[in-house]
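So the structure is just underneath, and the comments pick up after that.
Quick note: the coordinates plus some simple rules give every number you see, no bench work behind them. All of these numbers come straight from a predicted model, not from anything done at the bench. Please note: Cβ atoms are built from the backbone with ideal geometry, for glycine as well, and neighbour counts cover all protein chains shown.
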Amino acid sequence: MEFKEALIDGVEYEMIVLNFIKEKYPSAYKIEGYFKEYDIYVPENDIKIEVKLDKKSTITGNLVVEIEMFNKPSALFTTKSDYWVFCDGIELMWISPNKIKDIIIWNGLKAVTFIGNGDTQKKRAVLVPKDLIRNKSIINKL
């Protein structure tokens, strides 16, 4: 998948998550433009949410958790969000970044380096078995 296609797909799922949140918190909104800290803000309770689309996880069984890009900490190591929502096209998995870090540490998971679909540079990420994330998440079916 090319970068533009991945971006369009990602924005679509951000809107799915936002619409889900707006059912309970109508003031929630998507952050427009480039903003790496989080994707959605919920002013009613000062909650910040990052949306991560990983449809390939339905095939691989792993969720990609980025930790470094351009030789600098990124994603999990720099997030300002309170929750990450992993979307696999079937369900939403709501989990805190701290729980993700705990899963990685407790299970001795190691980072790998690769160029992801839509990327032009190498990144470091941890391939986390989806069940480890799912078991510690709040789940919503799409």
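Side notes on the structure shown:
- Reachable aspartates and glutamates from K52, criterion Cα separation under 14 angstrom, eight or more residues apart if same chain: D9, E12, E14, E37, D39, E66, D82, D88, E91
- Computed FRET value (nearest 0.05) for N107 with Y25, which takes r as the C-beta separation and R₀ as 41 Å: 0.80
- Going by neighbour counts of Cβ atoms within 10 Å, the residues W106, W84 line up, fewest first, as W106, W84.
- Across the range 3-141, the relative contact order, built from alpha-carbon pairs under 8 Å that are at least six residues apart, equals 22 percent.
- Ordering D102, D82 by the number of other Cβ atoms within 10 Å of each residue's own Cβ, fewest first, gives D102, D82.
- Pairs beyond 18 Å (Cα-Cα), from K72/K130; K24/K80; K36/K80: K72/K130; K24/K80
- Spin-label pair K72-T120: with each label point 7 Å from Cα along the Cα-Cβ axis, the two points sit 1.6 nm from one another.
- In the range 3-141 the Cα-Cα distances spread across 5 Å bins starting at 0 as 2, 10, 19, 25, 23, 14, 6, 2 percent of all pairs.
- Rounded FRET efficiency, nearest 0.05, which uses the C-beta distance separating R134 from V11 and R0 of 22 Å: 0.35
- The overall shape of the range 49-99, judged from the alpha-carbon gyration tensor, is oblate: a/c is not under 1.5, and a/b is no greater than b/c.
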